[in-house]
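Derivation of every value follows stated rules applied to the coordinates shown; laboratory data play no part. Just so we're clear, the structure is a prediction, and the values are computed from it rather than from any experiment. Glycine also receives a Cβ, built like all others from the backbone with ideal geometry; neighbour counts cover every protein chain displayed.
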Amino acid sequence: MVGLKLSRDKEGNNYIFISMSVTTCFTFILLLLAVFGYRYGFFSAGYSLLFLTKYAVYSSIIASAISLISIGYSLHLYKKFLNIVGSIFMFAINITIISFFYFQIIDLRSNPVINDISTDYHDLLEFKVYTDHNLPKDEHNLIQKFGGFKLPNYELSPLILSDVSKEEVFNKSLNILKNMGLEITYENFEEGTIEALEKSFWYGFTDDMIIKIEKLITNDIIINVRSASRIGRSDFGKNSKRIKSYFVLMQ
């Protein structure tokens with residue numbers, strides 16, 4: 001009789017576990033190539049994300065499926081405990097990877113496909129340090145306001161503070177940005193301008209943020225903010241979240 005059988009030798013070696021481990025290692029190799037390949041200029045952002053990272057996720061899905069098979073198959077082996085624990089551990093690792101990128105996709109679909117968010121497009125803030133950000137097109141403010149699931153930026157507007165001085169707001173803003181993990185690249189109290197940048201943990205994508213603090217004739221303080229990504233068509237909602245986090249901490 002000719003048939004396919006799952007391999008198991010007398011010592012209880014689980015070759016399905018080995019296959020799962022190899023596939024998981026392949027997943028990590030692809031992810032590391034994507035991250036460090038982009039960081040050190042070997043690959044473009046598109047190749048790192050759309051090819052290497054995408055196939056790393058596919059590999060992780062396969063590895064998680066194999067790990068479930070390995071858990072069931074391990075029940076028939078002599079070394080049940082080690083095989084089962086190892087299979088569960090590998091399954092947890094791959095599910096974590098899949099979940100991370102799943103929520104990234106949710107963020108992508110929940111936010112408008114733009115990478116430049118501002119509280120005021122009628123008088124757009126212009127960056128002084130990194131000046132290569134493209135000027136948004138006429139329809140950009142409409143996409144920002146009405147784009148994305150549940151309109152996440154619909155109510156985004158300048159922050160107005162009362163009973164506080166410009167100097168207090170300026171100094172507090174510097175401290176908040178530093179605590180948020182941003183690097184201050186420009187500050188000018190007379191202009192009421194602060195610029196900062198933030199790099200993503202894994203791929204090192206750079207976003208720029210500029211804050212304009214002005215005193216109104218009513219003696220209130222108005223704060224306008226612009227946050228923009230240097231590359232990509234979509235920011236996965238990161239710029240909007242950064243502005244909102246800053247506003248929450250300022251209030």
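For the pair L32 and S110, label points projected 7 Å from Cα toward Cβ lie 3.2 nm apart. A simple rule links phi to the HN-Hα coupling: the Karplus curve 6.51 cos²θ - 1.76 cosθ + 1.60 with θ = phi - 60°, which for the range 53-69 gives 5, 4, 6, 5, 5, 4, 5, 5, 5, 5, 4, 5, 5, 5, 5, 5, 5 Hz, with x for Gly and Pro.
Note: relative contact order over the range 15-110, using C-alpha pairs below 8 Å and six or more positions apart, is 32 percent.
Kirkwood analysis of the Cα pair distances in the range 116-250 returns a hydrodynamic radius of 15.3 Å. Counting Lys and Arg as +1 and Asp and Glu as -1, each charge on the Cβ, what is the dipole of the chain about the Cα centre in debye, to the nearest 20? Here the chain has a charge dipole of around 1640 debye.
Of all lysines in the structure, those lying under 25 Å Cα to Cα from K150, and not within fewer than 8 positions of it along the same chain, are K137, K238, K241, K244. With 0.36 nm allotted per residue and the present C-alpha distance subtracted, the A45-I184 stretch has 47.6 nm of extension available. Between the amide H of Y186 and those of E195, distances stay under 5 Å, these residues lying 5 or more places away or on another chain, with hydrogens modeled in the peptide plane. Cα centroids of the range 201-230 and the range 75-146: 21 Å apart. Using Cα pairs closer than 8 Å and at least 6 residues apart in sequence, work out the relative contact order for the chain, in percent. It comes to 18 percent, rounded to a whole number.
Over the chain, dividing the summed -39,500 (n - 2.57) contributions of all DSSP H runs of at least 4 residues by the number of residues returns a 222 nm mean residue ellipticity of -15000 deg cm²/dmol.
Across the range 90-100, coupling constants 3J(HN,Hα) worked out from phi with the 6.51/-1.76/1.60 Karplus curve, θ = phi - 60°, read 5, 4, 5, 4, 5, 5, 4, 4, 5, 4, 4 Hz, and Gly and Pro carry x.
Rounded to whole numbers, the Karplus 3J(HN,Hα) couplings from phi for the range 198-210 are 9, 10, 5, 5, 7, 8, x, 5, 9, 10, 10, 9, 10 Hz, using 6.51 cos²θ - 1.76 cosθ + 1.60 with θ = phi - 60°, and x at Gly and Pro. Normalised by the number of residues in the range 90-212, the average gap of Cα pairs under 8 Å and 6 or more apart makes the relative contact order 19 percent. When the Cα atoms of the chain are aligned to their principal axes, the ranges along those axes come out at 91, 36, 34 Å in descending order. For the pair S162 and H122, the difference between a 0.36 nm per residue extended length and the Cα-Cα distance amounts to 12.1 nm.
Computed over the range 15-110, the Cα gyration tensor eigenvalues convert (square root of 5λ each) into semi-axes of 30, 15, 9 Å, ordered from largest to smallest.
Exactly which GluC sites (Glu not before Pro) in the range 176-207 are in a DSSP loop and have at most 16 other Cβ atoms within 10 Å? For GluC sites (Glu not before Pro) across the range 176-207 that sit outside H, G, I, E and B with at most 16 neighbouring Cβ atoms in 10 Å, the list reads E190, E191.
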